[in-house]
Amino acid sequence: MSDRQVAVVLLGVSGVFYWQSLAIRPPPFAAFEALGAETFPRWVIAVLAAFSLILLARGRGPLLPRVDRAPLALWLARFRLPLLSLALFAAYAVAIPQVGWLPATFVYLVVMQLVLRPPSGRQLAYVVVGSFAFAWALGEIFERFLHVVLPRAALF
Amino acid sequence: MDLLLTGLGAFLAPNVLLSTLAGVVAGIVLGLIPGFTITMGVILVLPFTFGMTPLQGIATMMGVAVGGASGGLISAALMGIPGTPSAVATTFDAFPMARKGEPGRALGLGTWASLFGGIIGWFVLALAAPPLAEFGLKFGPWELFALVAFSITIIASLSGASLVKGIISGVLGMLLATVGSDPQLAIPRFTLGSPDLEAGFDFLPVLIGLFAVSQLMSDLERGITRAGEDGARAVRLPDIRIPHLQVLKDIWNSKVVLLWSSLVGAWIGVVPAAGGSIANVLAYDQAKKVSRHPQRYGTGYHEGVIASEAGNNSVSAGDLVPMLALGIPGDAVTAVMLGALLIHGVQPGPLLLTDPRTTQLAYGVIVGYLFATVVTLVVQFWGMRLFVRLVLVPYHVLVPGILVLAALGALVLNNRVFDIWVLFGFGILGYLLVKHGFELPPFVIGFLLGPLAEINIKRALQTSPDLTLFLTRPISALLLGLALLSVVYYLWIGTSREIRRVRPRSEP
């Protein structure tokens, strides 16, 4: 996105936050407060909007997005790994409370390594064993030595 | 002196010493791997410190910061790739020196220069922090609010090419910090009816997402999995033998460069938000300007290695000055340390160094920095052959491991999966911000200091509704004036450049 498009997005964010600030209802006992709960956020929103307008005025690049199919394939090729990694991370976050921390982490480590650099032959065995060892060791450090209880499975 | 001895007594506890040593080793390892930053290392270590005492936790993170600043030298010298952003200028001379057949000399110069730079920085820390804390005690809510405004504008102007984007980043951080409950009356704000959001966004998942997740996504986008591994395989690891006597002789002959670079680095650290990457480059640049042989810089000249490494280590000490004295982070690393203090129930600010209940902690940190600097030298030399081999660890193995550590760090804070989602969301936000030229340190500072600004402006108005006090109280007026001046100056510079860029086209 160009700077001017980013500025428009930021103005939109300011607008949304301002609209949400209208829903802030201080209770009656807060009448003595010099600044209400909504005042400081609104000042910050105003500063954000002001500098977004400066960026819009001084920024370069087009204001309207251009829809171009040809570069889409290039875009997907370029952002394939980050998008896949983010999707896998989201799946990992969903899985943790369902199947427990250790199984979710083990599977996540294996799948991520397969996606980033598909192994062949004996390397796959190393990936599986190494991932299990790492997940197990980390779990032991946190549960036994740091006394942090990690999530257990909700499904079983 | 008594207070330093008190700090020394607290620091010499075996658990604190061991934690610092572990932090230094972790820092060197994380620092030498290209693509990882010292900030990421400190953030990943933070969850491990939850079960520790405050001093032990801060000492561990400080060990990571000091070790990481030195660790970046190894890949900078051997691969020409800075291990951390604070080793950029180190590559200018360390890599050519290694290619000329002197890798041991390059590593030795950098490691010894880091030690001496760190020691000089420590003197700045020990001498500057206590009087600054005493001065900070005079601050009322007007001055504290003005200090926050000044910090954000300075960070915004120093951290990137665009002041406007820097300020937007800082203000966006402040805005997202208001999500949750009003700090005085706990009135819900921007919570969308969600009970999870009523506590707001916790600092740690925000930080991990912004720095660790976004950095990894950027690396994956650049295809670093392949390039990093191919690059690593292409490196034939040399036999490292360090000629200590020759190195120490080189450093003695360049003592003025060493001292000047260290002072430049320490001063950069004292200024809020200017960090190791700026200190590294500025120290190198300054040393070149005062050198008798500036034309030799960039060719494998020993002064170049000394200047850059002394600068990037002394800055760590300088960063601790505003953090300990005023509760204002000197850079992203000290912002994490401030977050750690808050997690451990310690309130940062001028009282940290002056209140008898916390002086042992504060002076323990000051003493600990010196210890970490010395230990880094010993560990780096002793483990050099092993550390050099770690450069070859495949990136496709490291990335998932780092992400798991990041998720674990967010999870153990409050034992809520919601914090992993916060990390995820801020990771995407951080990635998008960086891609569009917005710097992350202003965002972090705005997020951390925003609540402080709000509380203090409310206190100021509750004490007296007279807004002119912000301008009539001298310290507050000075800080607000400097903040306004820096904004106006950089906006004017930007506008002049724009006019010069456009004018030649309009002339016939």
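Can we say residue B:95 is surrounded by fewer than 24 Cβ atoms within 10 Å (Cβ to Cβ) and either acidic (Asp, Glu) or at pLDDT 85 or above (or both)?
It is true that residue B:95 is surrounded by fewer than 24 Cβ atoms within 10 Å (Cβ to Cβ) and either acidic (Asp, Glu) or at pLDDT 85 or above (or both).
Hey, any hits in the stretch A:44-58 for a residue that's closer than 30 Å to residue B:458 by Cβ and either of a type in the set (Lys, Arg) or open to solvent by 80 Å² or more (accessible area, probe 1.4 Å) (or both)?
yes
So, in the stretch A:1-43, of the ones that are open to solvent by 50 Å² or more (accessible area, probe 1.4 Å) and at the interface with another protein chain (Cβ under 7 Å from one of its Cβ atoms), which residue ends up nearest to the chain's Cα centre (by Cα)?
Taking the candidates together, the pick is A:1.
Matching residues to (1) open to solvent by less than 40 Å² (accessible area, probe 1.4 Å); (2) in a helix (DSSP H, G or I):
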{"position": "B:5", "(1), (2)": "no, yes"}
{"position": "B:28", "(1), (2)": "yes, yes"}
{"position": "B:36", "(1), (2)": "yes, no"}
{"position": "B:42", "(1), (2)": "yes, yes"}
{"position": "B:47", "(1), (2)": "yes, yes"}
{"position": "B:51", "(1), (2)": "no, no"}
{"position": "B:55", "(1), (2)": "yes, yes"}
{"position": "B:64", "(1), (2)": "yes, yes"}
{"position": "B:67", "(1), (2)": "yes, yes"}
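Can you tell me which residue among A:81, A:114 is more than 9 Å from every other protein chain (Cβ to nearest Cβ), out of contact with any strand residue (DSSP E or B) (no Cβ under 9 Å at 6 or more places or on another chain) and either at pLDDT below 90 or more than 30 Å from residue B:167 (Cα to Cα) (or both)?
Testing whether each residue is more than 9 Å from every other protein chain (Cβ to nearest Cβ), out of contact with any strand residue (DSSP E or B) (no Cβ under 9 Å at 6 or more places or on another chain) and either at pLDDT below 90 or more than 30 Å from residue B:167 (Cα to Cα) (or both) leaves just A:114.
Counting only residues that are closer than 17 Å to residue B:126 by Cα and open to solvent by less than 10 Å² (accessible area, probe 1.4 Å), give me the helices (runs of 4 or more DSSP H) lying completely in the stretch B:247-333 with at least 2 of them.
Fully inside the stretch B:247-333 and qualifying: B:255-270, B:302-326.
Of (1) modelled with pLDDT of 90 or more; (2) over 24 Å from the mean Cα position of the chain (by Cα), residue A:127 satisfies all except one. Which?
Of (1) modelled with pLDDT of 90 or more; (2) over 24 Å from the mean Cα position of the chain (by Cα), only one is false for residue A:127: (1).
Count, please, the residues in the stretch B:338-357 that happen to be closer than 23 Å to residue B:122 by Cβ and crowded, with 20+ Cβ neighbours inside 10 Å.
8
Tell me whether the stretch B:397-413 contains one or more residues that are small (Gly, Ala, Ser), free of Cβ contacts under 8 Å to residues at least 12 places away in the same chain and surrounded by 15 or more Cβ atoms within 10 Å (Cβ to Cβ).
Taking every residue of the stretch B:397-413 in turn, at least one turns out to be small (Gly, Ala, Ser), free of Cβ contacts under 8 Å to residues at least 12 places away in the same chain and surrounded by 15 or more Cβ atoms within 10 Å (Cβ to Cβ).
Of the residues that sit in the stretch B:169-193 and are open to solvent by 30 Å² or more (accessible area, probe 1.4 Å) and free of Cβ contacts under 8 Å to residues at least 40 places away in the same chain, which one is nearest to the chain's Cα centre (by Cα)?
B:181
Counting only residues that are away from every other protein chain (no Cβ under 14 Å), give me the helices (runs of 4 or more DSSP H) lying completely in the stretch B:356-469 with at least 2 of them.
Filter on the stretch B:356-469 gives B:359-382, B:384-390, B:440-463.
The values are calculated or read from the model by the stated rules, or taken from the named source; none is laboratory data. Remember, it's a predicted structure, so these values are computed and weren't measured experimentally. Methodologically, a virtual Cβ is constructed for each residue, glycine included, from the backbone with ideal geometry; neighbour enumeration extends over all protein chains shown. We work out accessible area using only protein heavy atoms, side chains counted, and drop any ligands, DNA or RNA first. Shrake-Rupley method; radii C 1.70, N 1.55, O 1.52, S 1.80 Å.
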